[in-house]
Amino acid sequence: MHKMLKDVQKALVGEVVMSEELDALSTSLFNNQVPGAFSKVGPLSLKPLSSWITDLNDRLSFIQKWLD
């Protein structure tokens, strides 16, 4: 996810070519939707992107506390 976000930033300023995948990712981000690439590696949810990120952070925090 981190690499894809960096690639979108580079594509928006013209440092790399905007591929179809990066275009779909940037459109999803703009529309506050969870991109398909993110939902493949993160939890499934019908929430908008902002709520999904909050939920993902809460889950990761819980798992880290459980491991500690």
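Since every read-out is calculated from the coordinates, none of them should be taken as a lab result. What you see is a predicted model, and the numbers here were worked out from it, not measured in a lab. Note that we place each Cβ from the backbone using ideal geometry, even for glycine, and neighbour counts take in every protein chain shown.
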> When you go through Val34, Val41 one by one, which is the residue that is aliphatic (A, V, I, L, M) and free of Cβ contacts under 8 Å to residues at least 40 places away in the same chain?
Replying inline: Val34
> Which of the residues belonging to the range 37-68 are assigned to a helix (DSSP H, G or I) and of a type in the set (S, T, N, Q)?
Replying inline: Ser39, Ser50, Ser51, Thr54, Asn57, Ser61, Gln64
>> Take Leu60 and tell me if it is of a type outside the set (S, T, N, Q) and surrounded by 14 or more Cβ atoms within 10 Å (Cβ to Cβ).
In response: no
>> Which numbered condition in (1) hydrophobic (A, V, I, L, M, F, W, C); (2) out of contact with any Lys or Arg (no Cβ under 8 Å at 6 or more places or on another chain); (3) part of a loop (DSSP other than H, G, I, E, B); (4) farther than 26 Å from Leu60 by Cα is the only one that Leu12 fails?
In response: (3)
